[in-house]
Amino acid sequence: MKKGEKKNKVKKRKKGPKAKMVSSLFIQSRHADVAILDLGPWLTTRKANGREVIRTKVGSGACEPAINPETAADYPIEETEASKKGVAVVSASGDPMPQLGQRTFVVKTPSGALMSFKNQVCHCTGPLTSVAKMVDADNCVGFSTAGSFIMNTRTGAIDWMERKDDGFELELEVLPYTEAAPLLKKAGFQGQP
């Protein structure tokens, strides 16, 4: 180190109680590994005004959004080709988890927009949202120290994400299935927050 240069300090994280946490997942089929899902430990659901509220991790490396079976449990799980073929979601530690199908549910975003939200269902730690899928659904996603956001390019609505530790989270209110079913049947009702 030259005279006058400052030494970079690296903060050490305090170690908590030992627990086995899934930090990332990939989907494995008989033919190839198809998707990587970045997951971590977080509070997944709570109730507000009698409705389920989820905090989803927003992952730029995630190929597919994923939820556990307990999320939006009043909505049906739809069988997919992957679930029929026995495709497994595998944790970073190598533990396989069955892919149970997909669940499409309606969420209310922080800006007040109602959106359908299609997720792969597996026994993961909590909800994960794919940046790639959000972009495919006409959203612009930005990450910055000044603020991170999701902007719907069709409507201009902006939803701000919250920085939590080394990740970004978005809080979404899940509409009860009884209220959402007519919306899901309506032609043109779609989107990804």
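Under 5 Å between amide H atoms, partner at least 5 residues away or on a different chain: which partners does A157 have, H built in plane at 1.01 Å?
Distant-sequence amide H within range of A157: N152.
In the neighborhood of A113, defined by Cβ-to-Cβ distances under 12 Å, what is the net charge if each Lys or Arg adds +1 and each Asp or Glu adds -1? Intermediate values should be presented prior to the final figure.
Details: positive: K108, R154; negative: D159, E173.
Computed value for this residue: 0.
For S144 and K84, FRET efficiency with R0 = 35 Å and r from the beta-carbon atoms, rounded to 0.05? Intermediate values should be presented prior to the final figure.
Values: r = 41 Å, r/R0 = 1.19.
For R0 = 35 Å, the calculated efficiency reads 0.25.
Considering only the other residues whose Cβ falls under 10 Å of the Cβ of T104, what net charge follows from Lys and Arg at +1 and Asp and Glu at -1?
Numbers: positive: R103, K118; negative: E78.
Combined, the nearby Lys, Arg, Asp and Glu give +1.
What are the ³J(HN,Hα) values, in whole Hz, obtained from phi via the Karplus relation 6.51 cos²θ - 1.76 cosθ + 1.60 with θ = phi - 60°, for each residue of region 69-80 in sequence order, with x given for Gly and Pro?
Values, residue by residue: x, 6, 7, 6, 5, 7, 8, x, 8, 8, 5, 10 Hz.
To make sure I understand the rule: partners must be aspartates and glutamates, Cα under 13 Å from the Cα of K57, and not fewer than 8 residues away in the same chain. Which ones qualify?
D38, E162, D165, D166, E169, E171
Whole-Hz ³J(HN,Hα) for each residue in region 167-177, computed from phi via Karplus 6.51 cos²θ - 1.76 cosθ + 1.60 with θ = phi - 60°, x for glycine and proline: what do you get?
Couplings: x, 10, 10, 10, 8, 10, 9, 8, 6, x, 4 Hz.
Counting only protein heavy atoms and a 1.4 Å probe, tell me what percentage of region 47-193's accessible area is made up of carbon and sulfur. It would help to have the intermediate numbers written out before the result.
Numbers: 3540 of 6950 Å².
C and S fraction of accessible area: 51 percent.
The values are calculated or read from the model by the stated rules, or taken from the named source; none is laboratory data. Keep in mind it's a predicted model, so treat the numbers as computed, not measured. Cβ sites come from the backbone with ideal geometry, for glycine too, and all protein chains shown count toward neighbours. When the accessible area is computed, the model is the full protein with side chains, heavy atoms only, and any ligands, DNA or RNA have been set aside. Shrake-Rupley method; radii C 1.70, N 1.55, O 1.52, S 1.80 Å.
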